[in-house]
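Just below is one structure, and these are the notes that go with it.
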Amino acid sequence: MQQVLSSSSHDINASSSSQLRKRLPSDRDDPFTDKKPKHESRINSFDLKQRKDDAHAKIFLRSTNLLRSIKNDSSDLHRANRTTIVSEEQEESSINEPESNTIEEQEEEEEEDEVSLEVLEEMHKLEECFPVLSTDYRLIDKIGEGTFSSVYKAEALNGKIRLGCDIWRSPPLKKKSTTGSAATTTKKKKKSPIVAVKQIYVTSSPNRIFNELSLLYMLTGSTYVAPLLDVLRYQDQILAILPYYQHADFRDFYRDLPIKGIKKYLWELFHALDYIHDKGVIHRDLKPTNFLYDPFKGKGVLVDFGLAEKMNDSNTTTKNQCPCISKDKQPINRSHSKRLNIKGAYPKTDARPPRRANRAGTRGFRAPEVLFKCTNQTTKIDIWSAGIIGFSLLTRKFPLFNSPDDTDAIVELILLFGLEKFQKCAELHGCGLEITLPNVGGQNAHGNLIKLVHDLLRYEDDNGCFPQDSVIYDSLNLFNEEGDRFIKPQYANLEELTQQQRDLEYERVRRSNEDYKDHKYLMELLYGCFKMDPTKRLDSKQILKLPFFQELSQIKEDDVIL
């Protein structure tokens, strides 16, 4: 038995040694052979593309903390690209075939692999309930979900989507590489357009679905608003086909945007509002998740018109009108609420008819007239919501409010703007407002937003919530000791400095003066958005003409001239 085992082991060793002897030496075994030049063009093209992306990102992003994370992501992609380089045998066998595994395709494959099982089940269930969908589109991932709908990222299988009489082309998700041979670029397979498929839940009323689709169709034609490409229907299921826009999550960049980045964000946002307001449309649900913004490109698109409505539709009701409509004819008696003894009492039988008004919107972003059930709601409620977004960007705090109901929402706004202003606002809409909570009326009684910005930033800075190179210090350096106003930067004692130090001091003061003006003009914009009287609140056209946007308006005029 031992002889058999020894002989078998001897045969195995002999066969393995013979297989080893069959392998002939090649150039790959030479340790001095440089294999880098074969892949140098691909690596260099990736580095060139990355340098262009970094240079473009620095226009609106100045925080080295955020830029460092971008570079880390790109370095991971660079390492992944190096590890996926094909071997020499595969290159020799496919020398005449175009390269298929590009960096962009690898990114898309990685994104598709990260889809969770729950999302895969939802997409599979949707395709089963909607058989027509799988013939034209391939679902890739779930990118959003709301109360009335869900949004999926999909690929158009037919390769063409019509927008009116023209063929719509999806915006490029990645920058095209400028390197590579002409043969490779001509033989490269064309990618199908990427779209967003919005599934409107069947629980929504038919009137609401028709209203959203009709408004999307009417608003088609602006780069600031997502157009409606197609609508699919199967029994009671409705799918809206919209463009897919590359964007970043608001929570990923709102704490790192410098004042110039905030300016560009609000510039895009108010241009979108200006377009829909000219059409007489109120968005009603303006918030960061409904404004898809790419901070690296400085482009934003307004989406989700599920709660939108025509402005004239809300003003057709003449019964039980809000007193703010006829305030010129009937002056408001501001001492009326003070004479009422409303503490701990309410009328047993109230003969007044209940006031009914549209209160749709997201908590924290609704204007005071919505909270007080004003029946005369206009496009100015979107201006208020845009001001809340701008204030969140400046204070680096999101969300600003977290109220469960309208009563708590009113208390939160009182803490922000003061009790006296809100009492006047309540009387404007025919309501009485009394606060029994202690110390609520005394906090920020004058509604000084500059003081509030200082306190919020200083509190987080004292608790070490920001890195040392954070952009908040550009704001904190502009406050006086009390923190209730901005102070203009002053030069140091130039007589004690050398010429080189003077040049540095001149540059420091110049940049500080730009930040000072931008912060000052931004507060002017926010005060214009937060007027309690909607008739005195600025509209989108007036806001775009403010000094805060003078820098961007000049650039736009130069582009038109060219």
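If the requirement is being surrounded by 15 or more Cβ atoms within 10 Å (Cβ to Cβ) and within 28 Å of residue 544 (Cα to Cα), which of these qualifies: 419, 433, 476?
Every option except 476 fails the conditions.
So, in region 265-310, how many residues would count as being in a helix (DSSP H, G or I) and surrounded by fewer than 23 Cβ atoms within 10 Å (Cβ to Cβ)?
Looking only at that region, the number is 10.
Quick check, is residue 151 modelled with pLDDT under 90 and out of contact with any His (no Cβ under 7 Å at 6 or more places or on another chain)?
Taking the combined requirement at face value, the residue does not satisfy it.
Free of Cβ contacts under 8 Å to residues at least 12 places away in the same chain, basic (Lys, Arg) and surrounded by fewer than 17 Cβ atoms within 10 Å (Cβ to Cβ): does that describe residue 510?
It is true that residue 510 is free of Cβ contacts under 8 Å to residues at least 12 places away in the same chain, basic (Lys, Arg) and surrounded by fewer than 17 Cβ atoms within 10 Å (Cβ to Cβ).
Check 392, 326, 385 and return the single one that is modelled with pLDDT under 85 and either within 23 Å of residue 424 (Cβ to Cβ) or within 33 Å of the chain's Cα centre (by Cα) (or both).
On inspection, the qualifying residue turns out to be 326.
Here is a yes/no grid of residues against (1) in the same structural domain as residue 304 (by TED's automatic domain parsing); (2) part of a loop (DSSP other than H, G, I, E, B); (3) in contact (Cβ under 8 Å) with a residue 24 or more places away in the chain; (4) over 16 Å from residue 151 (Cα atoms):
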| residue | (1), (2), (3), (4) |
| --- | --- |
| 196 | no, no, yes, no |
| 208 | no, no, yes, yes |
| 214 | no, no, no, yes |
| 220 | no, yes, yes, yes |
| 238 | no, no, yes, no |
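Kindly provide the set of residues from region 113-138 that are touching an Asp or Glu at 6+ places or on another chain (Cβ under 7 Å) and either in a helix (DSSP H, G or I) or not basic (Lys, Arg) (or both), ordered by number.
Matches in region 113-138: 115, 119, 133, 134, 137.
The values are calculated or read from the model by the stated rules, or taken from the named source; none is laboratory data. Bear in mind that the values here come from a model prediction, so they are computed numbers and not experimental data. Backbone-built Cβ (ideal geometry, glycine too); neighbour counts: all protein chains shown.
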